1. Taking just the alpha-carbon atoms of the range 1-43, what radius of gyration and Dmax come out, in angstrom?
2. Using 0.36 nm per residue, how much length does the chain from Asp55 to Glu166 gain when fully extended, once their Cα-Cα distance is taken away?
3. Between Arg177, Arg119, Arg25, which gets the highest mean-square fluctuation from a Gaussian network model of the chain, Cα cutoff 10 Å?
4. Treat every Asp and Glu Cβ in the range 21-86 as -1 and every Lys and Arg Cβ as +1, leave all other atoms uncharged, and give the resulting dipole magnitude about the Cα centre to the nearest 20 debye.
5. Could you calculate the FRET efficiency of Asp29 with Asp136 from 1/(1 + (r/R0)^6), where r is the beta carbon distance between them and R0 is 35 Å, rounded to 0.05?
6. Answer with one residue from Ala120, Met1, Thr106: the one whose Cα lies farthest towards the positive end of the charge dipole of the chain, charges on Cβ with Lys, Arg +1 and Asp, Glu -1.
7. Using every alpha carbon pair in the range 1-98, what percent of pairs falls into each 10 Å bin from 0 up to the bin containing the largest distance?
8. For the chain, with only Lys/Arg (+1) and Asp/Glu (-1) charged at the beta-carbon, what is the dipole magnitude about the Cα centre, in debye rounded to 20?
Amino acid sequence: MAYTVPDLPYPYDALEPHIDEATMRLHHDRHHQAYVDRANAALEGTEWADKPIEDVLKNLDRLPADKQRPVRNNGGGHYNHSLFWESLSPNGGGAPSGALGDAISTAFGSFDEFKAQLRAAGVNQFGSGWAWLVHDGSGLAIVGTPNQDAPISAGQTELLGVDVWEHAYYLKYQNRRPEYIDAWWNVVDWNKVAERYGTVA
Ligand code: MN3
């Protein structure tokens with residue numbers, strides 16, 4: 001079955017003022033849709049067309065050679081954005097508690113230090129890309145990926161990612177990527193991140 005863009009789990013304006021409605025409409029309805037359309041077109045007619053996107057992204061090197069790049073870019077775009085929407089909530093913000101909160105403190109020293117490191121990864125990502133909190137099989141780590149490369153393709157489990165493509169923030173924040181990231185923390189749904197952490201820890 002062809003991939004589809006998942007509905008947002010909240011209204012387009014729900015993340016205001018941190019992420020504005022116009023950005024959400026363009027980002028979800030146009031950008032994510034384009035990744036889905038191009039991923040579907042690339043996989044059409046291949047044995048991978050009906051596979052879950054996770055399986056496809058874990059096996060990019062097994063795809064036909066001419067499909068690997070478009071699927072890496074657009075399949076990755078579909079997967080990364082699906083995670084992004086569901087990681088946000090108008091009731092988000094604050095800090096994680098429980099096992100995830102403990103694991104973050106253990107891995108990074110403190111929650112504030114973790115935030116500083118993820119922020120730096122996002123600010124310093126050259127050009128378009130993402131900054132991620134992942135579980136790499138042994139523990140938590142922060143990684144940056146260019147373009148729509150997905151950590152799952154490198155064997156890591158995405159727990160939380162901040163989209164630092166200009167399309168994610170330029171309408172409201174223009175060139176002020178650090179300000180966008182600082183605002184983004186206010187809408188992070190830690191319950192959702194903890195849920196994902198629970199599947200790997
Ligand atoms: Mn994006």
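1. Over the range 1-43's Cα set, Rg and Dmax evaluate to 12.1, 38 Å.
2. Going from the current span to full extension adds 37.1 nm.
3. Result for the chain, Cα springs under 10 Å: Arg25 fluctuates most.
4. Numbers: 9 positive and 11 negative charges, 47 e Å.
So the magnitude is around 220 debye.
5. Efficiency for this residue pair is about 0.60.
6. Ala120
7. Pair shares across the bins are 15, 42, 25, 16, 2.
8. The dipole magnitude comes to about 380 debye.
The values are calculated or read from the model by the stated rules, or taken from the named source; none is laboratory data. Just so it is clear, the structure is predicted and the values come from calculations on it, not from any experiment. All Cβ positions, glycine included, derive from the backbone under ideal geometry; neighbour counts span all protein chains shown. Surface accessibility is based on the protein's heavy atoms, side chains included, excluding ligands, DNA and RNA. Shrake-Rupley method; radii C 1.70, N 1.55, O 1.52, S 1.80 Å.
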